Every structure is written in structure tokens, then in C-alpha cells.
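Student: I'd like to ask some things about the structure below.
Where a number appears in this text, it was derived from the coordinates with a stated rule and is not lab data. Every value quoted in this text rests on a predicted model; they were computed, and no experiment measured them. As a convention, Cβ positions derive from the backbone with ideal geometry for all residues, glycine included, and neighbour counts pool all protein chains shown.
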């Protein structure tokens, strides 16, 4: 009987030793609520005059680039910029290829890209 009691206690200790790591791992799970992915453009209001045009002025319509008379589009003119958006050229070069703006102009930041994406997504309005 002593032998059986010793075996029982040894088995209980082994089971407890195996259970503790399992419980610790279970306690480390990520219990945060999963929120739906809400696109930022649904809540972001973008103005061409206040947000987009100033960005275009410092990133695109710089000397030797998308300024008055430039063969690939004068982005100081809303309609010429809108035409590039409507054709998808703006999105391809700015968002997909990230080939614009070109050096020596600094690349657009994530926030600037998001702003332009939202403007385009909302119809690239002249507001």
C-alpha cells in the first residue's frame, strides 16, 4: 500500500509539473477584443485647397517638375492633376511604384500618402 501511495504522489507531482506550463501559456494569450478594420479614409476629411495643393506644391510642382508648361502635367492646375488621377497615372506612380516624387525631393511620408489616397478615394474633389 505504501508503494501504491508513493506511486500516486509521484504521478500527481508529474501531472502538476506538466499542467503548470500549460496554464502559464494559456494565461499569456492575447485577450484583447478584435475590432473591425475601419479604413481611415471613412473618417478623414481631405480638402484639396488646404491639404492636397500645399503638398503638391512642395513635393510635385517644384522647379523642373510638375509646374506650368511641364510636358507630363502641370500640377499647379487642378484639372491637369485630376486628369492624371482619372487616368490612374497618379495612383500608379505615387502609390504603387512610389516613383514620385523624384529626388532631390524627399519621399512622401506615410501620413502624406494616406492623405493623398483618401483624397483620391473620395473622388479627388476640388474642395
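Student: Using the number of other C-beta atoms within 10 angstrom as an exposure proxy, rank 122, 66 with the fewest first.
Tutor: By the 10 Å Cβ count, ascending: 122, 66.
Student: Okay, next question. Got a sec? How would 100, 44 order by Cβ neighbour count within 10 Å, fewest to most?
Tutor: The order, fewest Cβ neighbours first, is 44, 100.
Student: Starting from the 7 Å offset along Cα-to-Cβ, what nm value, one decimal, do you get for the label separation of residue 42 and residue 71?
Tutor: Roughly 4.5 nm, to one decimal.
Student: Taking neighbour counts of Cβ atoms within 10 Å as a proxy for exposure, in what order, fewest first, do 65, 60 appear?
Tutor: With the fewest neighbours first, 65, 60 line up as 65, 60.
Student: Kindly state, to the nearest 0.05, the FRET efficiency for residue 80 paired with residue 114, given R0 = 22 Å and r defined as their beta-carbon distance.
Tutor: The pair residue 80/residue 114 has a calculated efficiency of 0.40.
Student: Hey, another quick one. If I take R0 = 22 Å and measure r between the Cβ atoms of residue 92 and residue 121 in this structure, what FRET efficiency does the formula 1/(1 + (r/R0)^6) give, to the nearest 0.05?
Tutor: The pair residue 92/residue 121 has a calculated efficiency of 0.90.
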